[in-house]
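K.L.:
Take this structure first; my questions come after.
The values are calculated or read from the model by the stated rules, or taken from the named source; none is laboratory data. The shown structure was predicted, so the numbers you read here are calculated from the model rather than taken from an experiment. Virtual Cβ from ideal backbone geometry, glycine too; neighbours counted across all protein chains shown.
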Amino acid sequence: MLLLVDCSSCRTPLQLPAGATRIRCSVCRAFTLIAPDPPPHSHAPASHLPFPSSSSVIPTPTSFINPPSAPSPFNHAPPGPPPPVHGPKRAVIVGVSYKNTKAELKGCINDAQCMKFMLMKRFQFPESCILMLTEEEADPSRLPTKNNITMAMHWLVQGCKPGDSLVFHFSGHGNNQEDYNSDEIDGFDETLLPMDYATSGVIVDDEINATIVRPLPYGVKLHAIVDACHSGTVLDLPYLCRMDRLGQYDWEDHRPPSGMWKGTSGGEVFSFTGCDDDQTSADTPQLSGGAWTGAMTYAFIQAIERGHGTTYGSLMNAMRSTIHEIFDKNKGRELVEVEDGDLLTTLLGLLILGAAPPDEEVNQASQKTQEPQLSATEEFAVYGKAFSL
């Protein structure tokens, strides 16, 4: 059985293989030494052991997938609005291209690089506080494997406090699977696919919620930007904003029928996703004029760059408008030409300007037009609430 032990340096939970005597943290790279359990007849007190005993480690499977019940949502937060986001900023950015496989994507690395650039230049995120996981990283601990992504999510929320602003961005494949614990209205769990999903499995929305949503204390704000197929409710948040083409909206209640609380311990979470749970997201060169990007990531950054990120409602409308420009509703997923299309000259343009025109056709599949989604831990007026990272 895999066990969890806290890193001796940064306290990130690490998955400890059976029999291991030391493990290296993929976040801070420090080694944690594990002492064997004392012999059965030893009377030495635990405090005399030179390193943490493996007997004190918590089993992994149930702690990630079925965590203890969260506090009641009606008594966990002090009165009044949370303090403004002015404290430390921290981000995890994941771009998975599935290189040299049949599932290869072409825009995810660009998505990750553009998101990092935007967070640093537009929202003053320190580079030292941005953890990048892509296949282009030289350090094996920075590859977007299931284990590395899981540990990065733990690092993101570790020790967060009021005033902190956190960002989780994922660009890659998403999927869905049958829900076995009856906490989904539609009967399906949403999943993210790490680069080693074929051998290590997928990351299920239940695990994502338990890791980066439910632990958040009062005053902490988390924004997730997930550019993947079937990603509409991938954070399992209680409320989904249903918005039509005219910008009118209603909040849809996604709280589990079982009554399980899928919100936070007082913090705020907002999730922007590439499409609804039954849709797929495009990986396309049509928006940039040459380089491949995820349609949703491009539309998100473009909306902010053009000054449409004042409120959550204005940001969503701008994103949807950009994506509707390239999708012909009568032809499913077929991409069409954009009149007067221009490449951003400040954010995306600095990274992908000058890319060669694509020499491959975009994969087409008959389906509904991709519709970016917004979900949150609480209902709110989307045109009245200011957006900030």
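K.L.:
Determine whether region 177-192 contains at least one residue that is assigned to a helix (DSSP H, G or I) and modelled with pLDDT of 90 or more. Spell out the reasoning first.
P.N.:
Narrowing region 177-192 to residues assigned to a helix (DSSP H, G or I): none.
No.
K.L.:
Here's another thing I want to ask about it. Residue 384 fails exactly one of the following numbered conditions: (1) in a loop (DSSP other than H, G, I, E, B); (2) modelled with pLDDT under 85. What is the number of that condition?
P.N.:
Condition (2) is where residue 384 drops out.
K.L.:
Just one of the numbered conditions (1) without any contact (Cβ under 8 Å) to a residue 12 or more places away in the chain; (2) touching a Leu at 6+ places or on another chain (Cβ under 8 Å); (3) outside any loop (DSSP other than H, G, I, E, B) is not true of residue 120; which one?
P.N.:
All conditions pass for residue 120, except number (2).
K.L.:
Can you tell me which of (1) surrounded by 17 or more Cβ atoms within 10 Å (Cβ to Cβ); (2) at pLDDT 75 or above is the one residue 324 doesn't meet?
P.N.:
For residue 324, the exception is condition (1).
K.L.:
Picking from 131, 143, 166, which residue would you name as being in contact with a Phe, Trp or Tyr (Cβ under 8 Å, 6 or more places away or on another chain) and in contact (Cβ under 8 Å) with a residue 12 or more places away in the chain? Working first, answer last.
P.N.:
Numbers: 143 fails: in contact with a Phe, Trp or Tyr (Cβ under 8 Å, 6 or more places away or on another chain); 166 fails: in contact with a Phe, Trp or Tyr (Cβ under 8 Å, 6 or more places away or on another chain).
Matching residue, one of 131, 143, 166: 131.
K.L.:
So residue 107 ticks every box in (1) surrounded by 15 or more Cβ atoms within 10 Å (Cβ to Cβ); (2) in contact with a strand residue (DSSP E or B) (Cβ under 9 Å, 6 or more places away or on another chain); (3) modelled with pLDDT of 90 or more but one. Which box is left unticked?
P.N.:
(3)
K.L.:
Based on what the data block shows, is residue 132 modelled with pLDDT of 90 or more and in a helix (DSSP H, G or I)? Let's see the steps before the verdict.
P.N.:
Numbers: modelled with pLDDT of 90 or more: yes; in a helix (DSSP H, G or I): no.
Considered against the rule, which asks whether it is modelled with pLDDT of 90 or more and in a helix (DSSP H, G or I), residue 132 comes out as no.
K.L.:
Hey, among 158, 177, which residue is within 18 Å of residue 237 (Cα to Cα), of a type outside the set (A, V, I, L, M, F, W, C) and not assigned by TED's automatic domain parsing to the domain that holds residue 14?
P.N.:
Going through 158, 177 in turn, just one is within 18 Å of residue 237 (Cα to Cα), of a type outside the set (A, V, I, L, M, F, W, C) and not assigned by TED's automatic domain parsing to the domain that holds residue 14: 177.
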